[in-house]
Amino acid sequence: MRFDVVTLFPELFGPFLECGVTRRAYESGQVQVRLWSPRDFAEGNYRRVDDRPFGGGPGMVMMAGPLARCLEAIRADRTDRAPVMLFSPVGEKLDHARVERWSAGEGAILLCGRYEGIDQRFIDRHVDVQLSLGDFVLSGGEIAAMALLDAVARRQPGVLGDEDSHQFDSFNPALDGLLDCPHYTRPEEWEGQRVPPELLSGHHARIERWRRERRLEITARERPDLIAAARAAGRLTTSDEAFLAQLR
């Protein structure tokens, strides 16, 4: 799996690729990340990659020319027809299902915008997918690109210490799309607060029921839309519904 990242600030990715559990994916080559700067493909003495917007207004706009030449070089370096992904407020929100699809693919070309945006003509001609992290604006697409890379890398075999870890992530179909439950570790009592007795019981069925009920409780309180989706998909059992009824 290979991701080519087009960014004006490739130095931002150094610490990200070298730290944390997901670095295993990059070091092993399971997820290849190559960084490209449009400045290397800009023309003139000043290597300009941006200019004032037509029609006036604040800020600058990334020029189509350097981006197009950068993309041409990436295409020549790849053997596949990887999709070009732009991180943009107009894109669909990145969610668990989309992460799963990208995790099983061959990668993409990630385009990190800056300033007021990118010349629309480049977007119309070359961009295949637009994604957003949510209804807010970042200074550039680098953080969004890192979020996607991290989410994809942690799903690769052998990256996490426990192969089952990501199976219990929030939003995972393995949890029926619910939020995850609370977690506890040593000591058993901390500042007067004890670990729930169910988790200390050693009774597997009791522990799993406690975890299920906490997932239902937290999801019903924080994300009732996920409860509605699980119900519509037939993922809630009779005992789930009985527990939820008690919360009302």
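The values are calculated or read from the model by the stated rules, or taken from the named source; none is laboratory data. Note that the structure is predicted; figures quoted are calculated from it, not measured. We place every Cβ from the backbone using ideal geometry, glycine too, and count neighbours over all the protein chains shown. SASA here: full protein model, heavy atoms, side chains in, ligands and nucleic acids out. Shrake-Rupley method; radii C 1.70, N 1.55, O 1.52, S 1.80 Å.
What number comes out for the charge environment of G134, summing +1 per Lys or Arg and -1 per Asp or Glu over other residues with Cβ under 12 Å away?
Values: positive: K93; negative: E92, D95, D135.
Overall, the nearby charge balance is -2.
Accessible surface of Y26 in the full protein assembly, 1.4 angstrom probe, to the nearest 10 Å²?
Counting only protein heavy atoms, Y26 exposes about 40 Å² to solvent.
Per-residue ellipticity at 222 nm for the chain, helices alone: DSSP H runs ≥ 4 residues times -39500 (n - 2.57), over residue total, nearest 500 deg cm²/dmol?
Details: 10 runs with 95 residues, N = 248.
Calculated at 222 nm, the ellipticity per residue is -11000 deg cm²/dmol.
Ranked by accessible surface with a 1.4 Å probe, highest first, in what order do I123, I143 come? Could you put the intermediate results ahead of the total?
Working: I123 20, I143 100 Å².
Solvent-accessible surface, decreasing: I143, I123.
I want to verify a result. In a Gaussian network model of the chain, Cα cutoff 10 Å, which of these has the top mean-square fluctuation: R39, R24, R78?
R78
Determine the order of L160, L148 by accessible area, beginning with the largest, at a probe radius of 1.4 Å.
On the way: L160 30, L148 0 Å².
If we order L160, L148 from most to least accessible, we get L160, L148.
Can you give the local net charge around E208? Use residues other than it whose beta-carbon is closer than 12 angstrom to its beta-carbon, Lys and Arg +1, Asp and Glu -1. Provide the component values of the computation, followed by the final result.
Numbers: positive: R206, R209, R211, R212, R214, R215; negative: E198, E213.
Result for the local shell: +4.
Report, for the range 1-115, the % of DSSP beta bridges that are antiparallel, rounded to 5.
Details: 2 of 15 bridges.
Counting DSSP beta bridges with both partners in the range 1-115, the antiparallel share is about 15 percent.
Once you list every other residue whose beta carbon is under 12 Å from the beta carbon of G59, what net charge do they have if Lys and Arg are +1 and Asp and Glu are -1? Don't skip to the answer; put the middle values down first.
On the way: positive: R52, R114; negative: D50, D51, E116.
Charge balance in the 12 Å sphere: -1.
Could you tell me what percent of the DSSP beta bridges with both partners in the chain are antiparallel, to the nearest 5? Show your work: numbers first, answer last.
Numbers: 5 of 24 bridges.
For the chain, the DSSP antiparallel bridge percentage is about 20.
For the range 24-117, rounded, prolate or oblate, judged on the Cα gyration tensor with a ≥ b ≥ c (square roots of eigenvalues), a/c < 1.5 rounded, else prolate if a/b > b/c?
Because a/c hits 1.5 or more and a/b fails to exceed b/c, the range 24-117 counts as oblate.
Keeping all protein chains in place and using 1.4 angstrom, which order do F136, F54, F122, F16 fall into by accessible surface area, from largest down?
Values: F136 110, F54 200, F122 10, F16 40 Å².
Listed by decreasing accessible area, they come as F54, F136, F16, F122.
Karplus couplings for the range 126-135 from phi (6.51 cos²θ - 1.76 cosθ + 1.60, θ = phi - 60°), rounded to Hz, Gly and Pro as x?
Coupling constants for the range 126-135: 10, 7, 9, 9, 10, 10, 10, 7, x, 8 Hz.
Picking from S28, S201, S37, which is most flexible by a Gaussian network model of the chain using Cα springs under 10 Å?
Judging by the Gaussian network model, the answer is S201.
Identify which of R235, R98, R186 has the largest mean-square fluctuation in a Gaussian network model of the chain, with springs joining Cα atoms closer than 10 Å.
R186
Among the DSSP beta bridges whose two residues both lie in the range 76-188, what percent are antiparallel, rounded to the nearest 5?
Details: 1 of 9 bridges.
Around 10 percent of the beta bridges assigned by DSSP in the range 76-188 are antiparallel ones.
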